[in-house]
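Below is one structure; the comments refer to it alone.
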Amino acid sequence: EKLPRAARLFNPKDKRLLNVAVDHGVFNEDRFLPGIEDMQKVMKTLVEAQPDVIQVTLGQARTLFTAGTESGQRLPALVVRTDVANVYGTSAPPLPFCNLQHPQVVDEAVRLDACAVICNLLLLPKDAPGAGEVHQTCIKNVSTLRAECTKVGMP
């Protein structure tokens, strides 16, 4: 049996989902941004395309609601990115990290009517600086989110 929030992720007709992720900006990598610089335009286009799910950061979620209100169309289900990391660059950072955006990120996602949250579970090459610490932090993040999401019935 699926939780109500999880059920909203899937297309009711074919029980599949198409998740469009536009949460790339949170990783502070310019090469991830071409095509999503104008978030108002991106959200308007996505709402009109009607994917099942749109994956965004907390800040981008507000833009999604604006686009939905302006278009008059049903909003796709919302999945919120909960963490930020600096390990996606072309060279290893001197101090890698992957941290939750803030301690109440799940509460904020619930207030935004998110169906789910997402975070990284990174396993960097063993010789990468800070690889063990980043992996350990990611595991802690997953565990923290699982505990908080269970309280609110969120996958």
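The values are calculated or read from the model by the stated rules, or taken from the named source; none is laboratory data. Because the structure is a prediction, the values reported are computed rather than measured. Please note: Cβ atoms are built from the backbone with ideal geometry, for glycine as well, and neighbour counts cover all protein chains shown. What goes into the accessible areas is simple: the full protein's heavy atoms, side chains included, and nothing from ligands, DNA or RNA. Shrake-Rupley method; radii C 1.70, N 1.55, O 1.52, S 1.80 Å.
Look at region 103-140 and say how many of its residues are under 19 Å from residue 59 (Cβ atoms) and open to solvent by less than 30 Å² (accessible area, probe 1.4 Å). Number of matching residues: 9. Within the set 148, 70, the sole residue that is crowded, with 18+ Cβ neighbours inside 10 Å, among the acidic types (Asp, Glu) and more than 13 Å from the chain's Cα centre (by Cα) turns out to be 148.
The residues of region 109-148 that are part of a helix (DSSP H, G or I) and either in contact with a helix residue (DSSP H, G or I) (Cβ under 6 Å, 6 or more places away or on another chain) or aliphatic (A, V, I, L, M) (or both), listed by number, are 109, 110, 131, 134, 139, 142, 145, 147, 148. The residue that is least open to solvent (accessible area, probe 1.4 Å), among those in region 5-25 that are at pLDDT 85 or above and assigned to a helix (DSSP H, G or I), is 6.
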